[in-house]
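Peer 1: Sharing a structure, written as structure tokens. Questions coming.
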Amino acid sequence: MKVERVAVKNPEEKQVIIGQGNFSIFTCDDLFKTLLTAVPGIKCAVAMNEAVPRLTRVTGNEESLKELASENCLRIAASHSFFIAMDNAFPINVLNALKSHPAVATIFVASANPLDVIVAETELGRAVIGVVDGTSANRIETESEKKERRALCEQLGYALDEHSHSETSLAGSGAENVRLNESRQRTFFRFSFLRFTITT
């Protein structure tokens with residue numbers, strides 16, 4: 001068995017989701033429809049590798065995203081793995097819909113970070129072992145960074161409750177149930193990098 005690192009090519013840092021499913025002759029198109037339903041106005045593409053015949057299927061509504069998704073999916077080359085590329089939406093907007101799809105077996109990663117896909121190859125074929133998502137943490141956040149992070153979450157529309165400064169209340173905040181309205185989404189997009197500057 002051989003283990004290989006496949007670096008995802010994503011020069012414009014688009015939001016991508018990598019997963020594995022089945023029934024690709026149906027799933028490639030149906031995941032695309034799922035994305036369109038989850039976020040009106042989303043630009044997206046879905047590529048999915050087939051085992052027989054040995055090819056990469058692709059569908060989408062933006063040519064550049066179709067190219068991004070299909071080329072990376074083909075380079076990964078693991079049967080029944082899929083690669084989604086998106087604009088005008090974030091993984092948090094679509095992940096629940098994707099995870100509940102009956103043909104989705106697992107989600108490996110959802111990110112705009114630099115990604116390394118770790119692939120194992122046998123005589124039969126290839127399989128995704130896991131994904132390296134960005135760089136490694138090297139310290140614990142400070143109190144000021146914690147406040148900055150929580151303020152940014154609220155600015156992006158994920159408001160904490162009135163007891164937001166309580167560590168115990170945060171555990172049950174239910175922030176996942178907050179739906180972004182149109183103005184909050186515009187703020188969300190302005191922070192599409194979703195990165196914090198870390199002083200090392």
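Peer 1: Go through segment 28-54 and report how many residues are out of contact with any Ser or Thr (no Cβ under 6 Å at 6 or more places or on another chain) and within 13 Å of residue 79 (Cα to Cα).
Peer 2: Summing the residues that are out of contact with any Ser or Thr (no Cβ under 6 Å at 6 or more places or on another chain) and within 13 Å of residue 79 (Cα to Cα) in segment 28-54 gives 3.
Peer 1: Does residue 186 qualify as being at pLDDT 50 or above, part of a helix (DSSP H, G or I) and either out of contact with any Ser or Thr (no Cβ under 8 Å at 6 or more places or on another chain) or more than 28 Å from residue 26 (Cα to Cα) (or both)?
Peer 2: Values: at pLDDT 50 or above: no; part of a helix (DSSP H, G or I): yes; either out of contact with any Ser or Thr (no Cβ under 8 Å at 6 or more places or on another chain) or more than 28 Å from residue 26 (Cα to Cα) (or both): yes.
When the stated conditions are applied, residue 186 does not pass them.
Peer 1: Looking only at segment 58-71, decide whether some residue is buried (at least 20 other Cβ atoms within 10 Å of the Cβ), assigned to a strand (DSSP E or B) and either β-branched (Val, Ile, Thr) or in contact (Cβ under 8 Å) with a residue 40 or more places away in the chain (or both). Reasoning before the result, please.
Peer 2: Looking only at segment 58-71, we keep the residues that are buried (at least 20 other Cβ atoms within 10 Å of the Cβ), and these are 58, 60, 65, 68-70.
Right, trim to assigned to a strand (DSSP E or B) and you get 58, 60.
Still in the list and also either β-branched (Val, Ile, Thr) or in contact (Cβ under 8 Å) with a residue 40 or more places away in the chain (or both): 58.
There is at least one residue in segment 58-71 that is buried (at least 20 other Cβ atoms within 10 Å of the Cβ), assigned to a strand (DSSP E or B) and either β-branched (Val, Ile, Thr) or in contact (Cβ under 8 Å) with a residue 40 or more places away in the chain (or both).
Peer 1: Residues being among the hydrophobic types (A, V, I, L, M, F, W, C), surrounded by 12 or more Cβ atoms within 10 Å (Cβ to Cβ) and part of a loop (DSSP other than H, G, I, E, B): count how many of those fall in segment 107-151.
Peer 2: Adding up the residues that qualify gives 1.
Peer 1: If the Cβ limit is 7 Å and pairs must be 6+ apart or interchain, which residue in segment 2-29 that is over 13 Å from residue 116 (Cα atoms) and assigned by TED's automatic domain parsing to the domain that holds residue 124 pairs with which residue that is of a type in the set (Lys, Arg) and surrounded by 12 or more Cβ atoms within 10 Å (Cβ to Cβ)?
Peer 2: From residues that are over 13 Å from residue 116 (Cα atoms) and assigned by TED's automatic domain parsing to the domain that holds residue 124, the pairs are 24/57; 28/57.
Peer 1: Moving to a separate point now. Contact list please: Cβ distance under 6 Å, first residue in segment 123-141 and within 24 Å of residue 73 (Cβ to Cβ), second residue in a loop (DSSP other than H, G, I, E, B), pairs at least six apart or on different chains.
Peer 2: Taking only residues 6 or more apart or on different chains, the pairs are 125/79; 126/77; 126/78; 127/78; 128/78; 133/113; 134/113.
The values are calculated or read from the model by the stated rules, or taken from the named source; none is laboratory data. Keep in mind the model is a prediction, meaning the values are calculated, not measured. Don't worry about glycine lacking a Cβ; one is built from the backbone with ideal geometry, like all the others, and counts go over all protein chains shown.
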